[in-house]
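Novice: I'd like to ask some things about the structure below.
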Amino acid sequence: MKNLTLPTRSEALAGRDTPMTVPAHHFVNGAPLQGPFEDRLQQAVFALGCFWGAERCFWQIDGVFTTATGYAGGITRNPTYEEVCTGNTGHTEVVQVIYDPAKVSYAELLKVFWESHDPTQGMRQGNDIGTQYRSAIFTTNDAQQAEARRSMAEYQDELHNAGLSAITTEVLPLDTFYYAEDYHQQYLAKNPGGYCGLGGTGVSCPIGLDVNTKSA
């Protein structure tokens, strides 16, 4: 049985001080995988199930500079994939999106996030079951936090109108983004026939009339 309860700090694995070694460049677009990034670029971090398919959703967007898979929201320092899969790290699988807000808004990224998965499923996404598959938005500033919560309220209304359940997505300030292993980066570009379990609800997410101004 998969662990569906987040560990306490005393229960969580300790991890390590050494960060994961990752490729220098994005397999698809050749951009740097790690910063420091130019000041014009912003960071967004999303969890929407298995990070293989989730990352592909975002690297295809015009205005996204680079993406990377990783872990966030938990306790264990610099976790490995195997540790995350035990449920004893508290982390969920995430995608880091480095984007140019002059070309794509945070609200537009949120629309992709909501429509690319089912945010009502708690500690799972489809057949992927466990705390590492929970839905989450990790924000990097107050503007993102406000935008994320507003979009969640708007999307919740749409889901209710469609007869669907309450959203279980966490919306929390980002503590630390930990990079995943080399082989997880841009996995579906390296393995075109690889597994992707993502599936949306079929409900469109309104991004409002006031998002023409590029946000955080």
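Coordinate-derived values only; no laboratory data. Nothing here was measured: the structure is a model prediction, and the numbers come from that model. We place every Cβ from the backbone using ideal geometry, glycine too, and count neighbours over all the protein chains shown.
Novice: Criterion first (surrounded by 14 or more Cβ atoms within 10 Å (Cβ to Cβ) and not in a loop (DSSP other than H, G, I, E, B)) does Tyr183 satisfy it? Step through it out loud before you land on a result.
Specialist: Details: surrounded by 14 or more Cβ atoms within 10 Å (Cβ to Cβ): no; not in a loop (DSSP other than H, G, I, E, B): yes.
So Tyr183 does not fit the description; no.
Novice: Does region 138-180 hold any residues that are over 18 Å from Leu109 (Cα atoms) and among the charged types (D, E, K, R), and which are they?
Specialist: Asp157, Asp175
Novice: Tell me which residues, restricted to region 117-145, are among the hydrophobic types (A, V, I, L, M, F, W, C) and closer than 30 Å to Ala12 by Cα.
Specialist: Filtering region 117-145 for residues among the hydrophobic types (A, V, I, L, M, F, W, C) gives 123, 129, 136-138, 143.
Result: Met123, Ile129, Ala136, Ile137, Phe138.
Novice: Could you grab me the full set of residues in region 37-69 that are more than 10 Å from the chain's Cα centre (by Cα) and of a type in the set (A, V, I, L, M)?
Specialist: Leu41, Ile61, Val64
Novice: May I pose another question? Name, by its number, the condition in (1) without any contact (Cβ under 8 Å) to a residue 12 or more places away in the chain; (2) of a type in the set (Asp, Glu); (3) surrounded by 14 or more Cβ atoms within 10 Å (Cβ to Cβ) that does not hold for Glu115.
Specialist: Looking at each condition in turn, Glu115 falls short on (1).
Novice: Checking the structure you have, find out if any residue of region 135-145 is buried (at least 19 other Cβ atoms within 10 Å of the Cβ), without any contact (Cβ under 8 Å) to a residue 60 or more places away in the chain and among the aliphatic types (A, V, I, L, M).
Specialist: Scanning region 135-145 turns up no residue that is buried (at least 19 other Cβ atoms within 10 Å of the Cβ), without any contact (Cβ under 8 Å) to a residue 60 or more places away in the chain and among the aliphatic types (A, V, I, L, M).
Novice: Also, quick follow-up: Scan region 1-39 for residues that are among the small types (Gly, Ala, Ser) and touching a helix residue (DSSP H, G or I) at 6+ places or on another chain (Cβ under 9 Å) and jot them down.
Specialist: Within region 1-39, Gly15 is the sole residue that qualifies.
Novice: Turning to a different aspect of this structure: What number of residues within region 1-30 satisfy the criterion of being closer than 30 Å to Asp62 by Cβ, of a type in the set (A, V, I, L, M) and exposed (fewer than 15 other Cβ atoms within 10 Å of the Cβ)?
Specialist: Going through region 1-30 one residue at a time, the tally reaches 1.
Novice: Looking at Ile129, Ile98, Ile61 in this structure, which one is free of Cβ contacts under 8 Å to residues at least 60 places away in the same chain, among the hydrophobic types (A, V, I, L, M, F, W, C) and out of contact with any His (no Cβ under 8 Å at 6 or more places or on another chain)? Give the steps one after another, and end with the answer.
Specialist: Values: Ile129 fails: free of Cβ contacts under 8 Å to residues at least 60 places away in the same chain; Ile98 fails: free of Cβ contacts under 8 Å to residues at least 60 places away in the same chain.
That would be Ile61, the only listed residue that is free of Cβ contacts under 8 Å to residues at least 60 places away in the same chain, among the hydrophobic types (A, V, I, L, M, F, W, C) and out of contact with any His (no Cβ under 8 Å at 6 or more places or on another chain).
Novice: With respect to Leu159, determine if the residue is touching a residue at least 24 places away in the same chain (Cβ under 8 Å), surrounded by 14 or more Cβ atoms within 10 Å (Cβ to Cβ) and more than 30 Å from Thr80 (Cβ to Cβ).
Specialist: Numbers: touching a residue at least 24 places away in the same chain (Cβ under 8 Å): yes; surrounded by 14 or more Cβ atoms within 10 Å (Cβ to Cβ): yes; more than 30 Å from Thr80 (Cβ to Cβ): yes.
Yes: the conditions hold for Leu159.
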